[in-house]
Every structure is written in C-alpha cells, then in structure tokens.
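The structure appears below as structure tokens.
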There are 4 protein chains.
Amino acid sequence: MSHNTFGHLFRVTTFGESHGVAIGCVVDGCPPRIPLTVADIQRELDRRRPGQSKFVTQRREPDEVKIVSGVFTDPQGGEQVTTGTPIGLLIENVDARSKDYDAISELYRPGHADFTYDIKYGIRDPRGSGRASARETAMRVAAGAIARKVVPGMTVRGALVQMGEIDIDRSRWDWDEVARNPFFCPDAEAAKKMENYLDGIRKSGSSVGAVIEVVAENVPPGLGAPIYAKLDADIAAALMSINAVKGVEIGTGFASARLSGEANADEMRPGNAGRPEFTSNNAGGILGGISTGAPVVARFAVKPTSSILTPRQSINRQGAPAEVSTKGRHDPCVGIRAVPVGEAMLACVIADHFLRHRGQVGETANWPFPPQKK
Amino acid sequence: MSHNTFGHLFRVTTFGESHGVAIGCVVDGCPPRIPLTVADIQRELDRRRPGQSKFVTQRREPDEVKIVSGVFTDPQGGEQVTTGTPIGLLIENVDARSKDYDAISELYRPGHADFTYDIKYGIRDPRGSGRASARETAMRVAAGAIARKVVPGMTVRGALVQMGEIDIDRSRWDWDEVARNPFFCPDAEAAKKMENYLDGIRKSGSSVGAVIEVVAENVPPGLGAPIYAKLDADIAAALMSINAVKGVEIGTGFASARLSGEANADEMRPGNAGRPEFTSNNAGGILGGISTGAPVVARFAVKPTSSILTPRQSINRQGAPAEVSTKGRHDPCVGIRAVPVGEAMLACVIADHFLRHRGQVGETANWPFPPQKK
Amino acid sequence: MSHNTFGHLFRVTTFGESHGVAIGCVVDGCPPRIPLTVADIQRELDRRRPGQSKFVTQRREPDEVKIVSGVFTDPQGGEQVTTGTPIGLLIENVDARSKDYDAISELYRPGHADFTYDIKYGIRDPRGSGRASARETAMRVAAGAIARKVVPGMTVRGALVQMGEIDIDRSRWDWDEVARNPFFCPDAEAAKKMENYLDGIRKSGSSVGAVIEVVAENVPPGLGAPIYAKLDADIAAALMSINAVKGVEIGTGFASARLSGEANADEMRPGNAGRPEFTSNNAGGILGGISTGAPVVARFAVKPTSSILTPRQSINRQGAPAEVSTKGRHDPCVGIRAVPVGEAMLACVIADHFLRHRGQVGETANWPFPPQKK
Amino acid sequence: MSHNTFGHLFRVTTFGESHGVAIGCVVDGCPPRIPLTVADIQRELDRRRPGQSKFVTQRREPDEVKIVSGVFTDPQGGEQVTTGTPIGLLIENVDARSKDYDAISELYRPGHADFTYDIKYGIRDPRGSGRASARETAMRVAAGAIARKVVPGMTVRGALVQMGEIDIDRSRWDWDEVARNPFFCPDAEAAKKMENYLDGIRKSGSSVGAVIEVVAENVPPGLGAPIYAKLDADIAAALMSINAVKGVEIGTGFASARLSGEANADEMRPGNAGRPEFTSNNAGGILGGISTGAPVVARFAVKPTSSILTPRQSINRQGAPAEVSTKGRHDPCVGIRAVPVGEAMLACVIADHFLRHRGQVGETANWPFPPQKK
C-alpha cells in the first residue's frame, strides 16, 4: 500500500474528492476473460449507498458507476469480459454544487482530518471533507466487486457485531438476517435493540462506534507469504485504511492474549477426501501469515464519527480558539456502511494474494495432500 | 510490504532461517551521514536476546551483529557514518548444529506454520521452525535501531500491558520500571504478580499471550498520507507481521467502538509557541491517516505460543492422525520479547513516512502555524 | 514500472483504450500547492495532437483534457493549485463510434501487438488497437505537463534528429526551429528535405522510422541512485515503454563504444561560483546513475509503423495464412509525434527522482561545493 | 527497479562495497523446489571472474559464493532445493586490506561516479570505488544463475559483437566460439584481431568500449504487459543499470529507424504444430511489450573505462583544479566481463515476467493456438 494505491498483482488506485467532478478508480492486473458487467459492480455499490434508511446519511448519491475501460465483448462468447488491461471506473458526482465552505475551511473539526491535511499539505479541499470523505470508499466497494470474481469459489460476507454498547449474541448468528435489517446485523434481536438505541443517538445529535466482522470462505490454503507479505498483515493494513477504523484483529484476536496455549491452538485431524481439517479456528484461517483453508475471519473497530451536534472546543486556521459543531445530515453510526467496505477490502487482499501465490508457485496447488514431488 | 521486504524509502529486507548459516538484513534508503556503530545496533539486540531470565527461552543466541556494508568513516569528522548505500547486517548462527529433525519435519504442530509452509511451498526447512522462527525478529530490531536515528528527536518506547489474565493498572505506569523487571512491564505491582503467574505457567508447560503497547513521541505532524499510505495502515501491517500477533489497535482502538462521539473526539486548543494542542489522545496521534504531532500510540496482541507440553491432536505429513507435544526449551510468554520488536517496527514505519513526507512536501514543514503561502 | 503505472513518489497510472469511452490517468504523489490549470496541460497535449499537418494521422482527436481531482483554489492566493492528493485526468473519446472490426479482429497485422495481446490474454479489444494504441501516449504528455512543474527551473525539450535515412546536421541545431516545422526538427535544412522525403513515403503508402533526442536542462546534481535506481536506468525504461521504440541511449550512447577512454571521459574544472564544470558531456549528464548537473541527454529510436499499404503475409486467429494490408489514415512516421511524448517521459522520471532524492537526503543539497558536514 | 532492488515477483536486492567485509544479495520470490547448489551459481560466477586472461583486471577475487538461506534438502528427493523463502548469497572480500585511499578520496576521477556520489550523499566510500565498483555485478551473475532455472527450457547466451572499432562479421557467428576466446566473441577471426588490438590498448594504458548482444531462446510467448510493464522496458532498465552502459536496443534497434515499414515488419506464417512462426525477427522477440515466442534479442553499449594512464584535468574535493591519472591494474575493455552480467540481467527480467504472467493469467497458456475459451 502506498500513495492512493494498494495491491501488488491485483492493484487498485483511487482518485477523486467528495464534491469534485467525479470519483474513480483503476483496477489493474485483473486476469483476463472474467465476465464483468456494470450490474456486477452496481449491485455491491447499492449495498453501501447512503439514504437507504433513516440511520445513514440522507445525502443523495446515486453512485452510478461507469466502466471506462478494460472490458470487451468476448468474440467467442458474446458476453462482456475483462481483457487484462486496466479497468477504469468512474462515478460522477451529481451533488457537487458549489457551496459556501468558507466557514468550515477555516476551522478544524475535532476528530477529523481537517487539521492533519492542512499541516501536511498546507492546503486542503474542504468541500465535504474532500479526499478524506467516506465517499472514496465507494470505489473500494466497486473494486471489491471485481476481486470477488478473481478467486474461484470464494465468498466474502460481513456483519456488524457491535454497535456502541450493544453486542450481538453470537449463538443467534444468522447470515440471512444480515440483509433484513438496516444494520447488517446477523442477530435479529440485537438488531431490534439497535434500532431504538440508534434512533436515540440520532435524535440527540450524537454518534456511536461499531465493530464489523468480515469472513472469507473457500479461500485456498497457501495464500500469503513470509515475512512481510503475510496475508494477515495485508488484511490489517487494508482494513485499517478504511476511514475511522482504529483496530483490526484476526480470528480470536485480542481475546487470544487471555487464553492459554492449550485453549488457543487449533487442533487438526484428517477430514473429507484426505484434506486436513481444523477442529477450531482461533487462528482465523491464517497461520504464519499463510491461509490454512479454514475461513479467514477478521474484525475491525470503527470509531464514532466526530460530526455531532454538541459544540466542541477547537482552533481555527489562524490558531485561535474556536467552537465547532456539525450541522446538517450525518451518519449517527458510520460503522454501518463500513460493512460492504470491509468485505471489499478483504476480497481485494485475497484476490491479490491468490495471484501472487499463483505467480510464485503455480496453479498446481500442493493440495490434495500430501505435496507431490515436482 | 511484499515478499520479505517492507518500507518504501526506508526499506528493510530480511533473510535467513533459524538454524541456517546466518540471518541477515539489508536496510536500504537510509539517509547518509548518520552516525552508526555496531554498538548502536547491539544495544537494541541485547534487549531482545533470549536467555536473560528464566521466563524466556534459554537458547544461546549471542546475536552478535556485523555491519557488512553501507557505513564509512566520515573524512570530515572521523566517526563512522552511513553512506546512503545499502546497510548489510549479518548475525551468524552459532548454534546451528545439525540435529535430527525427521520427527518434527513429518508432523504439523497445531498453531504453528508447519502446515501452511508445506501446503504453500511443498517443502519447508523444519529446523527451529526455519523462516517462521521468531529468530527473524532479531533483524527487525537491528533495522529499528537504525530507524530510530532517522527521525530527529523521536523516541520510541514499548511496554507489556497485559500478560494472560493479568492487566496492568495504567495509573501506576512508570516508564523507568520497564527496564527493572524481566517483562518490560511499566507497573511494578503487576510485574510482581506476573512473576508468580508466569512461573506457574512455565512449570506446567503451558503458555499465555500478551498485549504490548508501543509509543512514539516527538513524531512530526503531517506524516502518513491518504488513502492507502495511511500511517496507521502501515503501522497495522508492520505490527501484524510480527510472529504470533493477532490484533492491532491505534489510540483508544477497539474501546472507541463503545464510546460516543462526544467522548471520543479529541478537542484542540492553542498550545505553546502557537502550536495547536490536543487535550486528549483517543486518536493515538493519527487523524485521517496522518500524524497529528501527539504521541503515536499502538497496541498489539500476541497469542500464547502453541509450543506446550500437553499433547495435542494433529496430523502428520501423510495426513494420518498424530499426537504432538513440545519438548525442550521454550518461551512461556513469547509476548515479552515482542516488546523491542514492536518498538522497532514502529520506528521503521515512522522513519519511512518521515522520508516519504519529505520527498513529497519538502523539509519546510507547514509548522509553525498557520501554513504559509509557498 | 509495473502494470500500467510508473514512478515511485511521482507516480503515473494510465487507463483506457483507443476507442473506448475515455482515456485517463492518475498522477499521484505530486507536491502540494503547485499552480496547475487545464491550460497548462492542454498546451502540451496540443503539441502531440494528430491532424496538425498532412504528415501525421488525420484522425480527429480534440484531446480535451478534464482535471477530475487533486486541485483546489488556494485560499491564500486565489489561483488553482495542487492539493497533494491524486490528480485525475480524463479525455473523453469523441470518435468512438462502433465500427465493424470483425475483419481486423481476426487477423494479426505483422509488427503490431495484435498477436501478442491475444496470445497473452486470449482476448483483445481490436478497436483502433485498443490499449496498444498510441492514443495512450496522450496521457503521458498530460502527466509530463505536471512533472515539468515539480522540479524548479528545469526545462525539458525534444527534437527529431533522424527521419528514415535523413540525419540532421548538428552544427545547424536551432531550438527555435523545432516549433517552426511539422517534424520538431532543429535543423531547418534537414526539415526541408524531410518534407519532400516524407511526402513520397506517405504517397507510396509506406512508412519510416525516426530518432528523437530529449534534453533536460537545470537538473539538480545528485538525482538518481545506485544501483537499480539509476537515473539512466529509469530513463531507459520510460523511453522504451513508448510505442514502437526499439532503442535508447544516454549521452554519446552507442557511439561511445568506438571511443577511447581518453576521448570519452568528460574532464572537469572549477566553474562559476565554485561549481564544478564539465568541459564535455559524453556522459549525457549522468555518472554512476546519478545526475552531474550537466544537461541530461537521451535519444530513442522509433521503428517505422507496420501500418502500410503493401500487403504482408500473416496468419489469422485460426492460424491459417492470411494477407494483411492497412487501409485508411495513418502516420507515415509515427516518430514525429513521439517528440512531446519523449519529453514528457523524461520530465516524469526526473520529477520522480527529484522527490526521491529529497526524501532520502533532504533539501539541503550538497551544493554549493564542497559538501558541508551535517 | 528502485533503491538496490529490482524485480517484482522474482526480486533481487544487492548490498556491499568493493572493499568492504563482503558483498551479498537476496533473491526473493523464487519458486520452491527448484534444485539449486552452490556449484550452479559458482559456474556462472567463474565466467565473470577477473584474472582469467591478461585482458581483464588481475585483481585476485576468488568470488567464492556461499548460500546463506532459502535452500533445504528435499525430504522426498535428497537433493538440495529452493524453499520459496529468500535466498541469501554472500561473497566475502578476501582482498579488503586497508589501503591509503586519502589521495583518491580527495580527487574526482573524470568519467567516474566519485563526484556524483559525493554531491548526492556528501560522503562516499572511496575504496575500490565502493558501491559504484563493478564488483557489485558479481551478485547479478549469481542471481541470474538462479533465474535461469525459473523458466523451463529457456537458455540465455551472450556475446561481444563489437570492441572499440572492431565489429564482428555476423555471417561467421558461432556460439561455440564464444567460450574459446577471452572476449566472449562469436567470430573467431574478429577475436584474433581483437587480441592484437586490445594488447596495444592495454600497453598504452588506454581503454576501449564494446557492444554486447544477449539472446534468450525458448521464452514463452505472452510475457510482458502493457503499458509500463513492457518486457522491453524492463530489459532496457536492467541492462542500462550495469556499470558503464550507455545504450540499449532490442532486435534491429537503432538501425530500424532507417528502415521502411515494409523492410522492418516481421511477417508471420503457420509453423510447426500449428504454432505461428515469424519469418524474421526485427522485433527482437517483443511486440507491444509482450514476448512473441521468437528469441528475445538485446544489445547494449559499454563505454571505455575512464581508468587510463594519460593524465586528465579534474578538480579535487575542495573544488580546486587537479590532474588525475590511474595507476595499477585495470581492465582495458570492461565490456568483456559485462557479457555474463548482461546474460544474468536478461535472465532475471524474463524470470520475473514469467512469474508475473503466471500470476495474472495462470499456467494455462493461450497456446497452442488459437486461444480456447476459458
């Protein structure tokens, strides 16, 4: 990850500010001849789109994506497929009318990147937080829609497992429930509680954080690599790069620090078709930085947005004390919309490692077991 | 981070297996004319060295580092300084005698990378866990000793803040205490408890995890960058790449998910010499991926090692059931020695971003405040 | 350079096919607060634009560039400046009407990339050569317009020094002449000859190659680095990546292989203001991969386009023999329009190394001379 | 290529100065289970080794390479194979005795990197030219020995095709002759002439340049990629990064600029087993940056070394005029020993692209022909 790019073989570069002409991305290195239509991408974008319930920002962002390059009609099949050249994606900003940003451009909102952009660059685009806006994450979701198609058989899903002080009960986990409530919550009862809870937060002009869990299934074993190309290291960076994320963990994560070695180690046994099987998954599908074949499980913490009604002490661009409060429409829990973003980042990282592994070792996986002599 | 390399401008590449001829690293991109002696590096290595108390592995690893290249006697000063060319470092393995590894090389120890290396590469060096050994982290500490000298005025310190079920009391935090006990623990009372606790763990052949906190002070504001070059994203990857780490958090981290926006946002006020000042540091010194000037604070969770006396179910290389237990000397809490490693990784990431920021924006920081027109 | 991206700190990514919706690029890592308008970029694009004389393709490509992101009105100055975030550029394709490409999509034109794209990807976009079209070079010119502004005082110019069998006479070199003829030729007499010569080539439906020289003046000494980050290595890659380029040389280049050491080495003497001065520049401004402060001089050879009227033997997609000849409008000498492209690539490489050097060593150049102790 | 590293998936990092403790390299990303012994590497090193005839430097460099990591005895086969982890290589410097370098360290030899290292870094290791020494190329040859084994069936050979004013006669090209004369010359008659010619040069204390041709056969079609990952762009950078190289060309190269489109384009016809065949190879095996399956042919020009007996005007470190002449043993034609270095660089670049192609597209080449639907 560097600059506005991440990934080595499957590589994503994004550009664009919240209220500029457009936001866009370039997905480079995608394998050729993968069927890809606008609908494939739009479907995922619609899951992240604002304005779908009263609990997320009411901004009008239709987020209509355009594929600018990198696909062509397969002469042998008639369907639209990737060509192996860079896939350019573009979403024009429809709501980019010029507003008076003079006030906000002179103030540093606590907990925002206003101050750090200014101190770094000596200038920033203050309109809708410019480049620091969560709007950029739309392009991650778009790239993720492509990444999902790169690894055969892989599925990536996400769910909100904590909102502020409300935790889910994991014994009630139901993946089907995720699509039924506005919170991507897998526990119907918790979702009910969250509804009242967040309504109160919203009305009081406050905000809360959240924890998201993302899970990738059918990830081939062997992805990732020692030592600085560990799969979990890249997942950590990818999730931490999402706006407002302050923590990332894999498998049992921080809780494993309290466990004994006996409780934490995942035992193995012969499974179906001679495949080794893990009897637990504290490792979150990754050992020594390399995927085990068990589901890859990661969680990340999203802080509460600092866009709140209560006035906060801050300073202005001249260094003088100033009071800041947020007016207008905002997300009381930005973590909600981070669910599809987290899925997308996980999908992109795994797709990249899938190609990297194939590059170094080839398609002949050392599976089924045991590894055969070459 | 890719392959066995991390960093963009300040770049570290490591090589070597636990029981091979030697381990080594190349620190490339270091600024020239920085005073650097073997002693500077050895001092840090000695903090990580095994065999210093009964609580860490008793293996004999003198870890004597040799500087192979990249330094020269300054003709203008007489002291040894970096030349700007790659600094090669080497530690020869003194204890690399050939042992019978046939047994272990045919078994997959639960919670180890044995299985994943085999499934990925179809071969692995089983001697002392080969490349997956914690021995590799010695080179990180060596590189970190150089990184510390790259950012003027910066100090990086670390402490163990949780061992298994024992948490420290942060109100008793004393940095001086860290060097006084064998656990890098900043709380003398907790350290006392840990001694008995870990002794019990050790005697029973079990193991426990730990949480480490690393703090960088005097980090210039403005380091890091949107969107995929965020300082916290690189810190997350760097810490997650340490052996046995399963979670990383910045500032208030996972706990911020339970907070309200009011409680979490760090307010600002005019400070000394016109410098803005934060009245709290939930952000851990990073906003929008860019350093604020406040201390950079990160924590990471180390799982309990799976090298335990209790036999565990596993499989062998042929896929048949097998029972595995660890004999010999091992760390009951590998998290202890991770403290200097975590410091080193934090130092390397910040040094890299210091150079990257200087590359893009130049030495004229936008500080003191407010930013001046160029 | 990798995928569709080049540069480390000043980084350019392009996307788009010749007849797709649009072509675009992302210039990432540009320093902030550099004044930049559409006109700055359009001016350079207009020099490369087709249809400006009968000697270049008559295709209508207005090449109107749009800045999509990365600039903002400086609150302190009122002019539009870069913000340090990625600069997205877009040129919509106006002439992208659907044509019948069935014939050409089934044939491999000799000397084109038709076959290699197909053999690599199993699919290609045949419309106007798709991604392999020279149209992509418009985005290089756009990126180069930005790069020119990154290095203070630097000027980059280019000239055509050979067209087919016609060489220029270097004693008549006049930079002002370059803008006066349609060939970017610095020798008025040679330009006159080229006019008749190329008219004959054009009428006969044939084509010729060319050699271009690009020169960067006021390049700070010290840019580039050992060993694989040599300035000339990056220049070689950048120029060789231009369509149809088959050779690159620096300074005296291939001719230096015939010289003696006495004739080739550039002697030095004290110059103005204590600056060392070279009495010749066989090195082309680069020694040991690092700029000397003398002008950086590079030349590259462009092969004659294979789009010619004379039928050539080839095969079709099914492997059967086929005869291919080109119909329609084409450049008899594609090398002409390569002049601004070569300038742009040289500017981008130097801008990147300018930032990389500043990153490692800082702005305090070791100049004036001699280097001062830090 | 950046810093002291090149390659993306097959990646080489070198370190070490001419007269330091040792030189070394790390070959990272090599596929696992490739048989590799010290002898494989030593064989290639011995071809580059100095002191083998009176025409190359008489320095004693036994260049005994040690494999420090990354190989292990295959439990299934008993032979030593790569493990997929970084291969560390080391050559200790036997002749690194401390000499008095004060004189040379204060002078800038014309045509050397003395001045540019100083102006860049403010310091340099003057012993044997330090990092700028041709000694570093030994590690390239070592890495190349590994790269040769990565691409199944590929052979890479090189030959000296011009020495100073003496060209070979290509009609007398005999690959077997290359090993029979001390110049790697494929034309026995030319080699004879070179012997007398170079003896005269040597005795007069002068030097001459050379042109080397390197050829890779059995390169799979489809390697390389648009636009900035072109195979020829990477070859150009790799060859230009060799010490003293001032020009690189592919296939017909600079000469193609004089050709007509008719003469230059390589026609195609159906060949053996349905494989398309090129009836000529002006393209040097690369079209649109992608390998065609024909031999990859590149040439590079090496300038005459500036280490000559005749005194030359220069300046000293204080900027005052000084006269410089070289004493001691040096190569009258450094181009000779560049032959194995050029081969190695070509092998490394192709190995890297072989893995990169496999990563993106997979092992199922689109060959035999025509491409099948996936």
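The values are calculated or read from the model by the stated rules, or taken from the named source; none is laboratory data. All values derive from a computational prediction rather than experimental measurement. No Cβ is skipped: glycine too gets one built from the backbone with ideal geometry, and neighbour counts run over all protein chains shown. Protein only, heavy atoms only, side chains kept; ligands, DNA and RNA dropped before computing areas. Shrake-Rupley method; radii C 1.70, N 1.55, O 1.52, S 1.80 Å.
Residues whose amide H falls under 5 Å from that of C:Asp125, counting only those 5 or more places apart or on a different chain, are C:Arg131, with hydrogens built in the peptide plane. Close amide H pairs (under 5 Å, H built 1.01 Å from N) link C:Ala225 with C:Lys230, C:Leu231, residues at least 5 positions away or on another chain. Were the residues from A:Trp175 through A:Leu309 laid out at 0.36 nm apart, the gain over their Cα-Cα distance would be 44.8 nm. Relative to its residue count, region D:219-374 spans a Cα convex hull of 179 Å³ per residue. Take the Cα of D:Val94, go 7 Å toward its beta carbon, and the backbone nitrogen atoms of region D:21-52 under 14 Å from that spot belong to D:46, D:49-52.
In a shell of Cβ-Cβ distance under 11 Å around D:Phe254, excluding D:Phe254 itself, what net charge do Lys and Arg (+1) and Asp and Glu (-1) give?
For residues surrounding D:Phe254, the net value is +3.
A probe of 1.4 angstrom, applied to the heavy atoms of all protein chains, finds B:Lys246 with accessible area near 10 square angstrom. For A:Ile286, what charge total do you get from the other residues with a beta carbon under 10 Å from its beta carbon, if Lys and Arg give +1 and Asp and Glu give -1? Counting the neighbours of A:Ile286, the net charge comes to +1. Rounded to the nearest 10 degrees, the angle from helix C:38-48 to the longest Cα principal axis of chain C is 60 degrees. Relative to one another, the C-alpha centroids of region D:148-209 and region B:178-199 are positioned 70 Å apart. Note on surface exposure: B:Phe278, B:Phe55 rank B:Phe278, B:Phe55 by accessible area, highest first, 1.4 Å probe.
Between the C-alpha center of region B:102-126 and that of region D:271-320 there is a gap of 44 Å.
Given a 1.4 Å probe, show me the residues in region D:288-314 buried by at least 10 Å² of accessible surface when comparing the whole protein assembly to the chain alone. With the partner chains in place, region D:288-314 has these residues losing at least 10 Å²: D:Gly288, D:Ile290, D:Thr292, D:Ala301, D:Lys303, D:Pro304, D:Ser306, D:Ile308, D:Thr310, D:Arg312, D:Gln313, D:Ser314. For region C:168-177, putting each phi into the Karplus relation 6.51 cos²θ - 1.76 cosθ + 1.60 with θ = phi - 60° gives couplings of 7, 9, 5, 6, 9, 4, 9, 4, 5, 5 Hz, in residue order, rounded to whole numbers and with x for Gly and Pro.
Could you work out the per residue convex hull volume over the alpha carbons of region A:271-330, in cubic angstrom? Provide the component values of the computation, followed by the final result.
Details: hull volume 11.2 nm³, N = 60.
Dividing the Cα hull volume of region A:271-330 by its residue count gives 186 Å³.
Principal axis extents of the C-alpha atoms in region B:193-305 (largest first, rounded to whole Å): 57, 30, 28.
For region B:127-265, with only Lys/Arg (+1) and Asp/Glu (-1) charged at the beta-carbon, what is the dipole magnitude about the Cα centre, in debye rounded to 20?
680 debye
Charge tally around B:Asp169: other residues with Cβ under 15 Å, Lys/Arg +1 each, Asp/Glu -1 each, net -3. Computed about its Cα centre, the charge dipole of the protein assembly as shown is approximately 0 debye, with only Lys, Arg, Asp and Glu carrying charge at their Cβ. Coupling constants for region A:235-249 follow from the phi torsions by the Karplus curve (6.51 cos²θ - 1.76 cosθ + 1.60, θ = phi - 60°), and in residue order they are 5, 4, 5, 5, 6, 5, 7, 6, 3, 6, 7, 10, x, 9, 9 Hz; glycine and proline get x.
3J(HN,Hα) couplings calculated from phi for region B:135-146 with the Karplus curve 6.51 cos²θ - 1.76 cosθ + 1.60 (θ = phi - 60°) are, in sequence order, 4, 4, 5, 4, 5, 5, 5, 4, 5, x, 4, 6 Hz; Gly and Pro show x. Rg/Rh for the protein assembly as shown (Cα atoms only, Rh after Kirkwood) is 0.95. Relative to the dominant Cα principal axis of chain A, helix A:188-203 is inclined by about 20°.
Computed across region C:180-254, the Kirkwood radius stands at 15.3 Å (inverse of mean 1/r, all Cα pairs). Ligands, DNA and RNA left out, the 1.4 Å accessible surface of the protein assembly as shown is 50% carbon and sulfur atoms.
Ligands, DNA and RNA are left out, and with a 1.4 angstrom probe the accessible area of chain D is 31 Å² per residue. Under a 5 Å amide H cut-off, with hydrogens placed 1.01 Å from N, B:Glu277 pairs with B:Arg269, B:Gly271 among residues at least 5 apart or on other chains. Each chain gives up part of its surface: B and D jointly bury about 3600 Å² of accessible area, both sides summed, for a 1.4 Å probe. With one equal scatterer per alpha carbon and no solvent term, the Debye-computed log10 I(q)/I(0) for chain A at 0.08, 0.10 1/Å reads -0.44, -0.68. In chain A, the DSSP-assigned H stretches of four residues or longer account for a calculated mean residue ellipticity at 222 nm of -7000 deg cm²/dmol, using -39500 (n - 2.57) per stretch and the full residue count as denominator.
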